[in-house]
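These notes are about the structure you will find just below.
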Amino acid sequence: MKFWRRWSTLCCVLVICATQCTVFAASRPHVIAFGRWMTVKWMVGSEQKNALDLKIRGLYIDGRVREFTVGAAHDITEKIFAVQSATRMNDALPQDSGAAAHWQWERSGWLLVNRETGHISVLNLPDFDSYYSVGSWYRDYFAYCGISTGESKRYAIVVETGRRKPIVRQGFGQAPKDAMPDSGCAAPAWERQPARVTFSASDEKQSPTYVIRDHAGAVSAEEQAEE
């Protein structure tokens, strides 16, 4: 009888220790850091002479590089930040079989990173073109000029993280004919109280402004004035 009591007590102690260890492991904070900046070549045309310098740095989670990024990160909350990613694309042709892989760096979409869980997710950005589009953040809103696929049309777009559809998507002239990066339009300018964003481009006479209504979409500045 004493043996079984001691055995039961030992089992209870082991279960409690295992539970505490599991809780401790689950709550262990992740170490998230950026590496040193590196300069790589970004091909912007079919010829090697059109290569531009692109500064990238690694995103490390618990000591392992998970992504490569470009530009500055934006803190959305104390737990979540956004950063644009960089990708190495294999540029080898089918007839190049047997030869060494031909990797080329290029900019990609935006990522959301959770500091507590270490989880990385891709931010849904309709019509975002990593070559032409340049955007700006305010709180959890991201504004940029999107380029429609096959339509050669430009859109003023504002997205809110966590929403599937953009809260602003309005036609904004034609897609740029300039072959240079970031030529979609200038970085949209934000203001607060009320939160509003203005889009501008060198080839447009008007600069549309949209007032952001918290969790209720957005209206143009003209519509707000009428109200």
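The values are calculated or read from the model by the stated rules, or taken from the named source; none is laboratory data. Predicted model, so just to flag it, every value in this text is computed and none were measured. Side chains are part of the model used for accessible areas, which takes the heavy atoms of the whole protein and leaves out ligands, DNA and RNA. Shrake-Rupley method; radii C 1.70, N 1.55, O 1.52, S 1.80 Å.
Side notes on the structure shown:
- Note on Val31: accessible area approximately 100 square angstrom, rounded to 10, probe 1.4 Å, nucleic acids and ligands left out.
- Prolate/oblate/rounded label for segment 44-96 (Cα gyration tensor, a/c 1.5): prolate
- Percent carbon-and-sulfur accessible area, segment 67-158, ignoring ligands, DNA and RNA, probe 1.4 Å: 48
- Heavy-atom accessible area order for Arg213, Arg64, Arg164, Arg28, largest first, 1.4 Å probe: Arg164, Arg64, Arg28, Arg213
- Solvent-accessible surface of protein heavy atoms, probed at 1.4 angstrom with all chains present, puts Thr149, Thr69, Thr161, Thr77 in the order Thr149, Thr77, Thr161, Thr69, largest first.
- Global geometry of segment 35-145, whether rounded, prolate or oblate, following the gyration tensor of its Cα atoms and the 1.5 cut on a/c: prolate
- Tensor-based shape of segment 111-213 (alpha-carbon gyration tensor, a/c under 1.5 rounded, otherwise prolate or oblate): oblate
- Beyond 29 Å in Cα-Cα separation lie the following of the pairs Lys41/Lys79; Lys55/Lys177; Lys79/Lys165; Lys55/Lys79: Lys41/Lys79.
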